[in-house]
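The values are calculated or read from the model by the stated rules, or taken from the named source; none is laboratory data. All of these numbers come straight from a predicted model, not from anything done at the bench. Here the Cβ positions follow ideal geometry from the backbone for every residue, glycine too, while neighbour counts run over all protein chains shown. Areas reflect the complete protein model, heavy atoms only, side chains present, ligands, DNA and RNA absent. Shrake-Rupley method; radii C 1.70, N 1.55, O 1.52, S 1.80 Å.
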Amino acid sequence: MGRKMISDPLLIITEAKESPPQDVEEARCFLALVRAEREVRRAEAQLVDHLVTKDNALTEYSRLKAAKAWKRLGDAELMVGRARSILSENGFSVSEITLATHRSEQTLIGNNKQMAHFIAQLD
């Protein structure tokens, strides 16, 4: 009478206790199966270790990128401060310039909307 196939590796030992190998060849196959399962589990554990190492490296890389981005922001803030200082030293009102810039941007936005409307009419 043949043995049934066991698909769940955790049931291998239970099945072997209930129905032990009948000959040396079957015992050899049983031992090979259990050893192969151990190697699969080892490979899974190693894969998880490698994934953790990769995730840690990615986290560190992201931290470095963030630090550089914050540094660039700090540099940009200094440039804005220096520009404001230069403008003030030369008699310009930064608030007036800001207001004029905002008006120019609004004009550009309005012109872009008008152009989009005109193009839509051509279609």
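Before moving on, here are some points about what is shown:
- As for the range 77-87, it holds no residue that is open to solvent by less than 70 Å² (accessible area, probe 1.4 Å) and modelled with pLDDT of 95 or more.
- So Glu26, is it surrounded by 10 or more Cβ atoms within 10 Å (Cβ to Cβ), out of contact with any Pro (no Cβ under 8 Å at 6 or more places or on another chain) and in a helix (DSSP H, G or I): yes
- Positions within the range 52-74 being open to solvent by 80 Å² or more (accessible area, probe 1.4 Å) and among the hydrophobic types (A, V, I, L, M, F, W, C), in sequence order: Leu58, Leu64, Trp70
- Some residue of the range 40-50 being assigned to a helix (DSSP H, G or I), modelled with pLDDT under 95 and open to solvent by less than 70 Å² (accessible area, probe 1.4 Å): no
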